[in-house]
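Just so you know, all these numbers are worked out from the coordinates, no wet-lab data involved. If you're wondering where the values come from, they're calculated on a predicted model, not measured in any experiment. Don't worry about glycine lacking a Cβ; one is built from the backbone with ideal geometry, like all the others, and counts go over all protein chains shown.
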Amino acid sequence: MGNYSIAVLAGDGIGPEVIEQAVRVLQNIGKRYGHTFNLQYAMVGVAAIEAEGNAISDATMQLCQRSDAILFGAVGGIPRFEGPNSKIQPERALFRLRKELALYANLRPIHPLKALLNASTIKPEALQGTDLLVVRELTGGLYFGKPSEIRETSQGLEAVDTLLYSEKEIERIVRTAFELARGRRKKVTSVDKANVLSTSRLWRRTADRIAQDYPDVSLEHLLVDTCAMQLIRQPSSFDVIVTENMFGDILTDEASMLAGSMGMLPSASLGTRETAHGLFGLYEPIHGSAPDIAGQNKANPIAAILSAAMMLRHSFNLKQEAQTIETAVEMVIEAGYRSVDLYEPGKETVHTKEMGRLIAEAITV
Ligand code: NAD
């Protein structure tokens, strides 16, 4: 029986709707296994900009530092805060959390449920056997490189972004991928654009060097464009994919369609900081704030609920409890319930709160 402190940053749009259901599920895990989850709520994103003048305040950063883990919803989606000319962008909250808490490894597992093979736009036979993990570098590359600006020149406007990776940054994320592959099917696919980019050539060289420390794990290199194609053609050929920040961002949105919807995909962002219970981490669904469906009780809460399961596994070492959540999700889907995004004729469509209730109840069985 443990006592765990969790900073809950629900954010904007559907963020609070899906986090409410993840919390409901956690509370039932607490009841069943006798754990106490101390939840401390704070604002991020648009809500924080309006109330506190910043996408994430220093006080909220300190709360996160003191916690054992962070459960995060989504930020953004309000047009007046969007775009490069907006002074404070809601997404800055996430970038600050990732950078200042050194959460450099983003884990995104993609394991389509059997009962949902028909929900994907990809043919079910192509999806058979798919069980992959994308390990995305999260604190470097184009999203953090400086300069990054639009500037005036005598010829008119120009813009620049900077893609920079140090060997150390590449080494630690590639090692993470190899370590994780050891607990899986022992295959790492390193994805780059080494035929064009210098950063990718250093990435490839570093991956080859690290691979020598893991003779039991096989390494293949794939260009990012080929990987995008292969993810749709034969997704079961992958075990662990490791790649840089922007490639990982794009490839995982594509890969989410293997699982039927973005609303199904959880993620964990980890660094090296240890707490009394395990590795400190931030857990969030891969989707955004979905302004088109926000406030309508239509969002699929499963990605947020599975993110809570990842938190139990990676930050609290509660493997059985994590598995209980994953099994509950599977049971509810197999019983024929579908969220709006997974609509299937002949199945019962349920809204956010109802899906959360069904999964939470399946835990107490
Ligand atoms: P999005 O992920 O919010 O939505 C894309 C599409 O998927 C929409 O049609 C949406 O309705 C649907 N969708 C997403 N999550 C769903 C769920 N749980 N259930 C059902 N349907 C779901 O991406 P977007 O529309 O490009 O971005 C909206 C805002 O979110 C933008 O401001 C963007 O910057 C922000 N964003 C935030 C994060 C984050 O907080 N981590 C990530 C991505 C995008």
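Quick one: which of Lys31/Lys347; Lys99/Lys193; Lys114/Lys347; Lys99/Lys168; Lys99/Lys353 span more than 22 angstrom between C-alpha atoms?
Lys31/Lys347; Lys99/Lys193; Lys99/Lys353
Let me know the shape class of the chain, please: from the alpha-carbon gyration tensor, a ≥ b ≥ c as square roots of the eigenvalues, rounded when a/c is under 1.5, otherwise prolate if a/b is greater than b/c, or oblate.
Rounded is the answer for the chain, as its axis ratio a/c remains below 1.5.
What ranking of Thr252, Thr349, Thr226, Thr243 emerges when the number of other C-beta atoms within 10 Å of each C-beta is taken as an exposure proxy, fewest first?
Lowest to highest Cβ neighbour count: Thr226, Thr349, Thr252, Thr243.
Can you sort His314, His287, His351 by how many other beta carbons sit within 10 Å, fewest first?
Sorted ascending by nearby Cβ count, the order is His351, His314, His287.
Looking at region 209-260, which GluC sites (Glu not before Pro) are in a loop (DSSP not H, G, I, E or B) and have at most 16 other Cβ atoms within 10 Å?
Listed in order of number, the matching sites amount to none.
Please give the net charge around Arg357, taking every other residue with its beta carbon less than 12 angstrom from that of Arg357, where Lys and Arg add +1 and Asp and Glu add -1.
That sum, taken over residues with Cβ under 12 Å, equals -1.
Which order do Ile170, Ile250, Ile286 fall in if you start with the one that has the fewest other Cβ atoms within 10 Å?
Ile250, Ile286, Ile170
Mind computing the radius of gyration and Dmax over the alpha-carbon atoms of region 165-294? Å is fine for both.
15.6, 48
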